[in-house]
Every structure is written in structure tokens, then in C-alpha cells.
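The values are calculated or read from the model by the stated rules, or taken from the named source; none is laboratory data. Owing to the predicted nature of the structure, the values given are computational and were not obtained by experimental measurement. So basically every Cβ, Gly included, is an ideal-geometry build from the backbone, and we count neighbours across all protein chains shown. What goes into the accessible areas is simple: the full protein's heavy atoms, side chains included, and nothing from ligands, DNA or RNA. Shrake-Rupley method; radii C 1.70, N 1.55, O 1.52, S 1.80 Å.
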Amino acid sequence: MALINTIKELLPLNPLYAEELRQFLDRFGPEDPSHLADFAASLTTSDKDQLQEVLEAFPLLLRMERVLVLLHKELELAAPRRRFRKSVEERMEERQREFFLKEQLKAIQKELGLERTIGPQSWRSSGNGWRS
């Protein structure tokens, strides 16, 4: 159950995990612990030596324990990546919002016949000296 719960925690971190889980469940089931352990290990970004340690663990319980350690490391690594990705997405959204607002402003100014002076200080209409 610990493996399954940890895999569930990993699913939102990468959309490919969900697809891989679907493929795994098409062929095997969660009631097959040996294949589940191998599948869970394949989800991680562990190096080849760590994965080899899992494969060399012949007793099933030991194999599952080693995989669980790898999954927890993966979750620890994913936390900073998730924060970084969220920060980048927020900045991109803010820039997109600014871009669209500027484009809307340009379109409105064009429709009203207003010209915009260079710089953020003021906008002037084309003749009446009006500022906002």
C-alpha cells in the first residue's frame, strides 16, 4: 500500500507518470507486487547503480523497501522543481496578462484616435492636451 500511495503522490508531478501507470495497469495489476516494485522504480530518476540495487534485491519485501526509498527521494527532488515550475508559470501568466492588456490598450487608443507618448508617465490625446 505504501508503494501505491507514494505513486499517487508522484502522479500530479509529471503528466507522463499517469500515462505510464495506465499502461502498467493494462498489463498488470497492483496485486502483483513484484511488477509493481519494478514499475515504481522505473518512475524515478535514480541512477543505474540504485536501480541495479533494486533488481538485485531478490526477497520481495527488501525490493519493495528499496523502491520505496527511491520514491521518497523522488518526492523530495520534485518539491523544489514544483516550486520552480510554479514560479515560472506565475511569471509567464503575469507577462501574458500584461501583454494582452497592452494590446487591448493599443486597440482602444487606435479606435479613439489617441496617441500614446513614449514612457509610462502620460497619455495624450491628439489635440486636446488631456492626460490620465
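What the table below lists for this structure:
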item: Unique match (being small (Gly, Ala, Ser) and more than 15 Å from LEU70 (Cα to Cα)) among ALA18, ALA37, ALA2, ALA41; result: ALA18
item: Checklist (1) part of a helix (DSSP H, G or I); (2) without any contact (Cβ under 8 Å) to a residue 12 or more places away in the chain applied to GLU74, failing item; result: (2)
item: Selection status of MET92, assigned to a helix (DSSP H, G or I), within 21 Å of LEU10 (Cβ to Cβ) and either free of Cβ contacts under 8 Å to residues at least 60 places away in the same chain or more than 19 Å from the chain's Cα centre (by Cα) (or both); result: no
item: Residues (out of contact with any helix residue (DSSP H, G or I) (no Cβ under 8 Å at 6 or more places or on another chain) and open to solvent by 100 Å² or more (accessible area, probe 1.4 Å)) located in the range 102-118; result: LYS102, GLN104, LYS106, LYS110, GLU111, LEU112, ILE118
item: Subset of the range 30-58 (residues that are in contact with a helix residue (DSSP H, G or I) (Cβ under 7 Å, 6 or more places away or on another chain) and acidic (Asp, Glu)); result: GLU53
item: In the range 58-71, the residues that are assigned to a helix (DSSP H, G or I) and either open to solvent by less than 60 Å² (accessible area, probe 1.4 Å) or more than 14 Å from THR6 (Cα to Cα) (or both); result: LEU60, LEU61, LEU62, ARG63, MET64, VAL67, LEU68, LEU70, LEU71
item: Search result, residues across the range 77-86 that are in contact (Cβ under 8 Å) with a residue 60 or more places away in the chain and either open to solvent by 30 Å² or more (accessible area, probe 1.4 Å) or not in a helix (DSSP H, G or I) (or both); result: ARG81, ARG82
